Amino acid sequence: NVTLTIDGQKVTVPEGTTILKAAEKAGVKIPTLCFLEHVGLRHIKHDVGACRVCVVEVEGKKDLVSSCNTPVEEGMVIRTHTPKVIAARKLNLEMMLSDHHLDCPTCPKNGICELQAICAELNVRQIRPQGEKKDFPIDDSSPSIMRNPNKCILCQRCITACKVLQTVDALELYGNGFDAVVRPKGGLPLIETQCVACGQCALVCPTAAIVEKDDTWKVWEAIADPNKHVVVQTAPATHVTIGEAFGLPVGTDITGKMVAALKRLGFDAVFDTNWSADLTIMEEGYELIHRIKNNGVLPQFTSCSPGWIKFVEEFYPDLIPHISSCKSPQQMLGPIAKTYYAEKKGINPENIFVVSIMPCTAKKYEAARPEMNAASKYWNNPNITRDVDVVLTSRELIRMIREAGIDFANLPDEKYDPIMGEGTGAAQIFGATGGVMEAALRTAYEVVTGKTLPRLDFEDVRGMKDIKEASVNMNGVTVKVLVAHSLGAARQLMDKIRAGELKDYHFIEIMACPGGCIGGGGQPIPTTVEERELRIKGIYERDKKLPIRKSHENPEIQAIYKEFLKEPLGHKSHQLLHTHYTP
Ligand code: HC0
């Protein structure tokens with residue numbers, strides 16, 4: 001242990017502790033800007049000491065030191081708010097502001113900008129170094145993410161998220177001094193790099209240098225168009241996250257309020273991606289059983305997380321045959337709205353406009369993939385638009401609710417519309433890491449054995465551990481499964497499979513984002529480890545309280561098979577619900 005003095009208080013901490021953490025223990029708050037204790041997962045830290053907002057004075061040292069990455073020493077005497085320290089912090093912030101575009105009122109991060117907040121906290125009242133403003137071009141090449149390098153403060157959190165957490169490594173720090181910038185590797189537009197559109201960079205960016213693409217205007221226009229029948233679907237993870245932005249505790253189940261808000265915004269029908277998550281379980285479960293019985297390629301990988309799909313395409317194209325042919329629930333609901341629903345309601349599918357509310361930036365990219373136009377092909381009608389017309393992230397929906405002046409927290413609970421509105425507990429848990437696997441096991445077990453599961457909760461696949469595993473005996477066959485979240489964890493499994501290991505596993509669930517979709521790149525900011533854990537708790541609580549908790553027992557899923565699809569993996573399923581990827 002090491003004992004030191006911080007602002008006159010003695011504190012003893014383990015060797016290797018940073019000054020910042022020691023101060024925290026002494027009850028002293030040192031301000032930070034670029035520092036992040038955890039990027040996505042508890043074991044990934046970001047402490048490059050770039051912003052120098054956390055500087056402190058160490059007795060006997062001439063220069064100030066950054067507290068986030070300087071370890072304590074025995075007998076150190078530290079002062080955290082001397083005039084020298086206060087002046088240095090202000091000057092460091094002023095330097096950052098001197099070349100920053102100060103268009104705060106119209107900035108997409110207005111109100112949730114960490115640079116704005118720290119300037120308020122540290123009482124910055126002037127910008128003495130008057131510099132030239134940065135003049136980098138804005139990069140809007142990606143359907144998911146907007147880069148405005150003029151807002152970059154070089155904290156490099158995005159680089160850690162991309163390189164260490166996701167192992168995608170699409171970003172780099174380039175140049176020096178005034179010309180320094182974080183940019184896509186090689187200076188390419190983002191769309192031309194290996195970026196998988198997961199948006200974890202946008203979650204950690206303190207300013208608006210990286211944000212989601214804003215598609216809200218397209219939705220306002222569609223709603224106002226009297227010729228359009230605008231339907232909306234809500235992803236599992238949004239059920240427990242939208243409320244945060246309106247002052248409700250993190251993880252609160254706001255399902256009923258979200259439906260009420262969407263109806264007030266003017267959507268013609270409000271559906272639940274939980275419904276199509278149940279549909280996915282039917283198709284994916286039967287696909288797994290088919291692969292096991294027919295010596296198909298195993299282990300089968302889940303296919304619902306589009307960042308993960310892009311990751312396989314970019315880095316492991318040889319493993320593409322392992323990916324389930326099922327489209328994601330988002331991409332199942334789209335074509336079903338423009339076929340089954342259109343027929344049932346007697347609406348011309350050309351006039352149906354499908355909007356998704358997703359926790360995910362990559363879902364925008366997924367909806368834009370060229371093959372995602374099954375309804376148009378089904379009807380052989382080029383006037384039918386894409387299966388999913390617009391994807392909004394949770395943050396964009398929050399903005400629309402605010403724009404419309406809806407008092408979200410005080411809304412009554414309202415119900416989804418019939419036909420595609422019923423979702424089970426199994427579908428609800430899709431939003432948390434391990435949830436797709438658990439939902440699949442609940443159904444596969446009962447389909448294969450013909451017996452009722454004695455206990456629905458598969459605890460082994462739950463929680464924030466990077467890689468989880470479980471095995472379940474089904475009629476004498478031990479089905480072995482693995483679950484990983486974050487692409488760094490996925491990479492560990494993929495390397496093993498490529499090396500010929502993990503051959504005795506049957507099914508692997510991968511979610512690109514830490515914690516699963518509750519930690520998606522489009523979720524409310526902040527999304528830290530703490531928010532992720534509370535949202536996961538909210539997901540499982542909602543599962544517990546739902547009357548139906550197994551996908552195959554969803555009456556609206558039973559109805560679509562009876563009336564339209566006929567059977568899982570049948571002809572119509574192949575036309576509308578399955579896809580394939582080419583290496
Ligand atoms: Fe997810 Fe999904 S669960 S990827 O994590 O499968 O985004 O929430 O909507 O599509 O359902 C995200 C969340 C979805 C899909 C579902 C899957």
Residues of the stretch 267-300 satisfying the condition of being closer than 30 Å to GLU501 by Cβ, touching a Lys or Arg at 6+ places or on another chain (Cβ under 7 Å) and within 16 Å of the ligand (Cβ to nearest atom): GLN300
Whichever residue in the stretch 384-395 is within 22 Å of the chain's Cα centre (by Cα), closer than 16 Å to LYS338 by Cα and not aliphatic (A, V, I, L, M) and, among such residues, is surrounded by the fewest Cβ atoms within 10 Å (Cβ to Cβ): ASP389
Residues being under 25 Å from ARG535 (Cβ atoms) and away from the ligand (no atom under 13 Å from the Cβ) - total across the stretch 201-231: 15
Number of the exception - GLY75 against (1) at positive phi; (2) surrounded by 21 or more Cβ atoms within 10 Å (Cβ to Cβ): (2)
Total residues in the stretch 306-324, condition away from the ligand (no atom under 16 Å from the Cβ) and assigned to a helix (DSSP H, G or I): 9
Residue tally, condition surrounded by fewer than 24 Cβ atoms within 10 Å (Cβ to Cβ), part of a helix (DSSP H, G or I) and of a type in the set (Lys, Arg), over the stretch 396-445: 2
ILE497 vs. criteria of a type outside the set (Gly, Ala, Ser), closer than 15 Å to CYS360 by Cβ and more than 16 Å from the ligand (Cβ to nearest atom): no
Filtered residue count, the stretch 123-150, keeping only those that are among the polar types (S, T, N, Q), under 30 Å from PRO83 (Cβ atoms) and touching a Lys or Arg at 6+ places or on another chain (Cβ under 8 Å): 1
Every residue from the stretch 246-259 that is in a helix (DSSP H, G or I) and either surrounded by fewer than 20 Cβ atoms within 10 Å (Cβ to Cβ) or without any contact (Cβ under 8 Å) to a residue 12 or more places away in the chain (or both): GLY256
Residues located in the stretch 31-46, provided they are in a loop (DSSP other than H, G, I, E, B) and over 25 Å from ASN123 (Cβ atoms): HIS38, VAL39, GLY40, LEU41, ARG42, HIS43, ILE44, LYS45
Top-ranked residue in the stretch 325-379 [being surrounded by fewer than 20 Cβ atoms within 10 Å (Cβ to Cβ), more than 18 Å from ILE145 (Cα to Cα) and of a type in the set (Gly, Ala, Ser); ranked as nearest to the ligand (Cβ to nearest atom)]: SER325
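Just so you know, all these numbers are worked out from the coordinates, no wet-lab data involved. Since the model is a prediction, treat every value here as computed from it, not as a measurement. All Cβ positions, even for glycine, are placed from backbone atoms using ideal geometry, and neighbour counts span all protein chains on display.
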